[in-house]
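Only the coordinates and a few stated rules stand behind these numbers; no lab work does. If you're wondering where the values come from, they're calculated on a predicted model, not measured in any experiment. Note that each Cβ is placed from the backbone with ideal geometry, even for glycine, and that neighbours are counted across all protein chains shown.
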Amino acid sequence: MKCRICDGEIFFLFSINNEPLTDDFLTLEGIGKEFLGKIEIGMC
Ligand SMILES: [Zn+2]
């Protein structure tokens, strides 16, 4: 797997399940209604 920024090899990769994925600020009513998804984080 290659880094999308520098094109170097990813030497360490981990993932987090059910991470809230949002660009919006959360309101009090919105807490708990975020879209949850799996994210992968790699280090090059
Ligand atoms: Zn990189």
Would you mind stating whether ILE5 is β-branched (Val, Ile, Thr), within 16 Å of the ligand (Cβ to nearest atom) and out of contact with any strand residue (DSSP E or B) (no Cβ under 7 Å at 6 or more places or on another chain)? yes
Tell me which residues, restricted to region 19-44, are away from the ligand (no atom under 16 Å from the Cβ) and surrounded by 10 or more Cβ atoms within 10 Å (Cβ to Cβ). GLU19, PRO20, LEU21, THR22, LEU26, GLY30, LYS33, GLU34, LEU36, GLY37, LYS38, ILE39
Inter-residue pairs, beta-carbon under 6 Å, first on the phi < 0 side of the Ramachandran plot and in region 1-20, second basic (Lys, Arg), 6+ apart: SER15/LYS38; ASN17/LYS38
When restricted to GLU19, GLU29, GLU34, the only residue assigned to a strand (DSSP E or B) and acidic (Asp, Glu) is GLU19
